[in-house]
1. In percent, what relative contact order does segment 192-305 have, based on Cα pairs under 8 Å that are 6 or more apart in sequence?
2. Report the relative contact order of the chain, percent, no decimals, based on alpha-carbon pairs under 8 angstrom and at least 6 residues apart.
3. Which whole number of Å³ per residue matches the convex hull of the alpha-carbon atoms in segment 105-260?
4. Which whole-percent values make up P(r) of segment 197-261 when all C-alpha to C-alpha distances are grouped in 5 Å steps starting at zero?
5. Ranked from highest to lowest mean number of other Cβ atoms within 10 Å per residue, what is the order of the peptides 149-159, 121-131?
6. With +1 assigned to the C-beta of every Lys and Arg and -1 to the C-beta of every Asp and Glu, and no other charges, what is the dipole magnitude of segment 192-305 about the Cα centre in debye, to the nearest 20?
7. Evaluate the Kirkwood expression for the hydrodynamic radius of segment 72-147, namely the inverse of the mean inverse distance over all pairs of different C-alpha atoms, and round to one decimal in Å.
8. Measure nothing but the geometry: give the 0 to 90° angle between the long axis through the Cα atoms of 285-303 and the longest principal axis through the Cα atoms of the chain, rounded to 10°.
Amino acid sequence: MIRYEITRADLEAQIEAESPGWLAKAAKRTAACRKKKAFDGGESIWSDIKPVYMRLQHNKCAYCERKLEGEPYGRVEHDVEHYRPKNGVKAWPDDRIKAERKIDYEFPTGRDWDQGYYLLAFQPTNYITACKSCNTPLKANYFPIAGTRRGPQADDPARLASEHPYLLYPLGNLDDDPEDVLTDDDPEDVLTFDGIVPKPVKRSGDNRRRAVVTIDFFELDTREELLRGRAEAIWALKFALIVAESDLSPTDKTLAERTIARLQSDQRPHTNCVRSFLRIYRQDHPRAEKLFQAAMDYLESLDAPLGTLR
């Protein structure tokens, strides 16, 4: 995960440019939810502004950083995700998930909440876009928190900071930066990568728990498509680094340097993983070599004929 920079004012301006009058419709629907004391169950007008979030996130899933199709055909691949669920919230992990995935935390993750966050159903700062794998089977109506109670009902996520959510919200500056991009002592650092494997930045404390829960929640450390994508990105980066540091022609070295910069771009898949590997490469070269070899071994294990794996 990485942060996608946007102010609330700019977000609202882009929404109005995409769908004129949307904010007024959203305010009216929020008033209906307030009166009903529940999500009003009407038309899902958030689909009208899906392209705004697709563009802000460079057509990547906000949670797993997988690259999806862009406009006009990509709308079917992207789900507008309610960060805080608009309907009843289920406790996570439930008994099934605990049993299937061997999850047993020593800290609370929040209880059921039947009313859900209905006043945020039409709040633009409660939206992101996610791939269907992250959104439907994994996110569903779960929203783990560290706080002792959910709520209160509010139409502004900023008023719910006391819940201390475990899941990261990467759009704008409402939440900590998911990525370890500042100094090692920055308190807001949460998630990094050791090769293709996501890891907490911190060894203890709230942000370590946030990283652990986010990784477990979206299965960021076990999904084959994510591991393969990260391994391929590290593979491309390593060969670009070899060329950039070689005695090849200036033209080849310039091309390699452009490739290195491109692979780190917010627009590329698995940006956090690539930046993390590059940081390790520059700080601990032997460790980076081991991580690169592990990534190569993983790719070769996937690509090997079935007969050679028996």
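1. Relative contact order comes out at 33 percent.
2. Normalised by residue count, the contact order of the chain is 17 percent.
3. 150 Å³
4. 4, 17, 16, 13, 12, 13, 11, 9, 5, 2
5. So the peptides 149-159, 121-131, ranked by packing, come out 121-131, 149-159.
6. Values: 19 positive and 18 negative charges, 129 e Å.
My answer is approximately 620 debye.
7. Evaluated on segment 72-147, it is 13.6 Å.
8. Helix 285-303 sits roughly 80 degrees off the main axis of the chain.
Bear in mind these aren't lab numbers, they're just calculated from the coordinates by the rules spelled out. All figures in this text were calculated on a predicted structure; none of them were measured in a lab. Positions of Cβ are generated from backbone atoms using ideal geometry, with glycine treated the same way; all protein chains shown enter the neighbour counts.
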